[in-house]
Structure formats: structure tokens, C-alpha cells
Amino acid sequence: MEKIVFFDFCETLVCFQTADKFVDFCRIQKKRKSAIFLEKIRVFLVWFYVFRFLSKILPENNFHKQFKLFQLKDFTIIELDELAKSFYEIDIKPNLISCIVNEMEVKKLQNYKIVIVSGGYSIYLKYFCQDYNVDLLIATDINFISNVCNGRINGLDCLNENKVTKIKREIDISKYIDSIAYSDSITDLPLFNFVKTGIVVSHKISQHWSQNLGFKEIIWI
């Protein structure tokens, strides 16, 4: 393929942030005492701004996301895969942003290579990719040891500059005559700067930063 397009997922193709919601889904479905206890601690830490404080000291680490994921410790890969499929069917599919999914499908017909690049977890995003014949998924991976989750991220969390780092491990962008990226967030500026055309996805109102930086914008209702 000579053309490539990257789509962020959360609040770009689906109307909510999926990573923490997946953990909530697993905890609610399985009702594990350890996960329920950790969630209570998380709420306490949020209440006292602990994660906000840590993010100022070490902004490159998403302590909240990592602490949330730790609730899935000791889940087996089979359990989480079953939950991931249910999460996709119950929570993600009904909340897809149809106009952006249509954009993706049009780009597919125009012979673009379709890549999802997301800080969401690959364990459930793979089901979206299967449904929509996505060419490549680059996302955050949950770590398993002997097929049991240790509550940690495997490798880089696919956010901010890490998106471009992970893309470069998989793709030689110089081989493509055209490259496009869709995302809702200014945190994806490294991705926008990596491609030829950046398209900002906004809900209801325009985002000032997208106008100031001269990006194209799609506003969905």
C-alpha cells in the first residue's frame, strides 16, 4: 500500500475513554474482593490529589492508569479475553462515533492502510479491528506471566510520544506517499507532526488549539 492513515481510538472512534472503563467492567463482572479493595484505595487517592501530585513530579508516567490496571492482577488471559470480547460488544460497539468510522471505511476504499494507534488495551481493541478489517493495531498491551496478568503494562504505554515510537517499530513511514492521522487530543501532537495531514476530531464545538495550529477538524454532534 502507498497510503496510510492512523486513527486514535478513544474519543475519536468511540465516544469515551476505554482503558479505565475496561478495568471497571472486569471488576463489576467478576466482583473480586481484591479489585474492589484497590478501587476504594484509588478513589481515596484521587480525593486527596495524590495522582495529580505524582503527575507533576513525573509527567511521563500515568500513575493513575497503572494503579487502575493493577486491579486486574491474577486474572488469567482466558478470563480477560472473554471479558474483553463482552466489553467490546456491550460498551464499545453501541458507542462508536459513526461519522469517524465512516471516514475510516472511506479511507479503506481509497486503498489507505488503516492503523489504530491507541492508549486503550489491545486485548479488546483487537475485536474492533477484526470487525472493521483494520490492517494494524498498535496499542497498550497488558502484561501476562505464564498466562496470568500481573497488573502491569507490557512495554510502552501507547500515549503521547510513545505512539510515534511504537509506530516506528512497526512501520517505515517513508514508504508511503500520503499519511494522515485522526485524533481528538492535543496530546497527540507528536502523531500529528509525524504525518503529512492531521485531522482533529471534536465533539459539538471546535477546539481552539486545532484552529491555532491550522489543523483540519471534524466536529461531530
Solvent exposure, largest accessible area first (probe 1.4 Å, DNA, RNA and ligands not counted), of 112, 49, 132: 49, 132, 112
Hey, what number do you get for the chain at 222 nm if only DSSP H runs of n ≥ 4 count, each worth -39500 (n - 2.57), divided across all residues, to the nearest 500? -12500 deg cm²/dmol
Starting from the 7 Å offset along Cα-to-Cβ, what nm value, one decimal, do you get for the label separation of residue 2 and residue 86? 4.8
Rounded tilt (10° steps) of 122-131 against the dominant C-alpha axis of the chain: 40
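Quick one: compute the contact order of the chain, relative version, from alpha carbon pairs under 8 angstrom and 6+ residues apart, as a percent.
Relative contact order for the chain comes out at 25 percent.
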Using the structure shown, select from 68/175; 65/108; 108/168; 73/113; 33/204; 40/163 the pairs with a Cα to Cα distance greater than 29 angstrom. 68/175; 65/108; 73/113; 33/204; 40/163
Provide Rg over Rh for the range 85-209; use the alpha carbon set for both Rg and the Kirkwood Rh (inverse mean inverse pair distance). 0.96
Hey, what angle do you get for helix 33-47 against the long axis of the chain, alpha-carbon based, 0 to 90 degrees rounded to 10? 70
Given backbone amide H placed at 1.01 Å from N, residues whose amide H is under 5 Å from that of residue 75, ignoring those fewer than 5 places away on the same chain, are 149
What is the Cα coordinate range of the range 36-152 on the first, second and third principal axes, sorted by size from largest, in whole angstrom? 49, 33, 25
Give the angle, between 0 and 90 degrees and rounded to the nearest 10, that separates the Cα long axis of helix 161-170 from the longest principal axis of the Cα atoms of the chain. 70
Could you pull the accessible area for residue 83 with a 1.4 Å probe, rounded to 10 Å²? 10
Residue 73 to residue 218: FRET efficiency via 1/(1 + (r/R0)^6), r the Cβ-Cβ distance, R0 41 Å, to the nearest 0.05? 0.60
Based only on Cα atoms, what Rg/Rh ratio does the range 7-51 have, Rh being taken as Kirkwood's radius? 1.09
Please work out how much accessible surface residue 179 shows to a 1.4 Å probe, ignoring ligands, DNA and RNA, in Å² rounded to 10. 10
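The values are calculated or read from the model by the stated rules, or taken from the named source; none is laboratory data. The structure displayed is predicted, hence computed values, not measured ones. When we count neighbours, we look across all protein chains shown, and the Cβ atoms used for this are built from the backbone with ideal geometry, even at glycine. We work out accessible area using only protein heavy atoms, side chains counted, and drop any ligands, DNA or RNA first. Shrake-Rupley method; radii C 1.70, N 1.55, O 1.52, S 1.80 Å.
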